[in-house]
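Below is one structure, written out as structure tokens; the observations come after it.
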Amino acid sequence: MNRIIKTIYHILLSVIFTVLCCLILITSLVTTVFFGPSQEYRDLLVNTFMETSALKFIPNIYFSKEEIEEMTVGNQKQINEYIDAMNHIKIDIKPKDNISDKEKSDIIVENVAGSTYLGKIMIIKDPSRISLYTIPEFSDKSRGRLLSEVQKELKVTGAFNGGAFFDENGFGTGGMPKGIVIANGKLLSNTASEYTTLIGFDNEDRLVCENITAEQALKIGVRDAVTFGPVLLKNGEKVPQLGSGGGLNPRTAIGQCADGTVLVLVIDGRQPHSLGATFNDLAQIMLEYGAVTAGNLDGGSSSMLFHNGKMINSLSSAVGERPIPTAFIIK
């Protein structure tokens, strides 16, 4: 018996020692990056942490609130001014009237890869197939739905996560969205949010990625939309992003080509095979696939893409899917 106890004791000591060594190593690496010679890598790491739900506290250990704000939102005003300046240029999105039945039913999925990421891009020729799913009631006490349950219940061809939601320290119930939510032309929610971009479709199946109010959105005929951001492409041009482009994280983005084709991009992140992508990475991929409009949706552990009943990306969360209040579905 004593021998068994001693063995267990030694195993526990070994585990504790290994964990401590890993923590010391990680802390040393983070400290080295934060205070090393490269401001670029420092900002990249800070932005990566600040986009997570559970790891925001790490930069706060090393830097003041003002310093973090300078690294993350230092030039947001200039970006908004750039977007406003481009509003006078409009590329007409004209969904093809002569799409064959085969094109309407076909969905193409391709792999994408970069130096820090792997992901999937879904190509949908018919934008009218995409609509917004919302849980029956938005509330802090409500629980969101798992996207696997939604796509199975509705028997849709595809589904991907939508907009922002309240998620204090990563322990939210997924029942209350942030910002504007419009479904089938009706305003369902309009709460305060740090996210400013409305992303969705209007009544003519054109992708909308705009910093506008709920009233303005309804006035221009937005039918289905959620709040997140930033805008990635406007009128066929990249929108300048913050210095490190939000850091390396799992991402979900949506874009549209001039012929109406919709592109849904999901990037794996926070995993050995894929660290993640920046906003600039997303914009570049969208440009390469011919998008003229594109926006960034909720990412992180919420980034999910389903096709024919299966999740086709690699989820970053070790505990599985997270409940969410909104999602886009593909009929």
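Derivation of every value follows stated rules applied to the coordinates shown; laboratory data play no part. As the structure is a prediction and not an experimental result, all values here were calculated from the model. As a convention, Cβ positions derive from the backbone with ideal geometry for all residues, glycine included, and neighbour counts pool all protein chains shown.
Return a whole-number percent for the relative contact order of region 191-302, with Cα pairs under 8 Å and 6 or more residues apart as the contact set. Dividing the mean separation by the residue count of region 191-302 yields 30 percent. Each residue of region 212-224 was assigned a 3J(HN,Hα) from its phi angle through the Karplus curve 6.51 cos²θ - 1.76 cosθ + 1.60 (θ = phi - 60°); the sequence is 10, 7, 4, 4, 5, 5, 5, 5, 8, x, 5, 9, 9 Hz, with glycine and proline shown as x.
Taking 0.36 nm per residue of sequence separation and removing the Cα-Cα distance, the Glu69/Ser115 pair yields an extension gain of 13.8 nm. The H on the amide N of Ile212, modeled in the peptide plane, is under 5 Å from the matching H of Leu198, each at least 5 residues off or on a different chain. For region 87-245, the relative contact order works out to 18 percent when only alpha carbon pairs closer than 8 Å and six or more residues apart are counted. Any idea how far the Cα center of region 189-203 sits from the one of region 92-151, in Å? Distance between centres, Cα-based: 18 Å. Dipole check for region 244-331: with +1 at the C-beta of Lys and Arg, -1 at the C-beta of Asp and Glu, and the Cα centre as origin, the magnitude is about 240 Debye.
Note on Ile108 and Ile4: with the Förster distance fixed at 45 Å, the Cβ-Cβ geometry gives a FRET efficiency of about 0.15.
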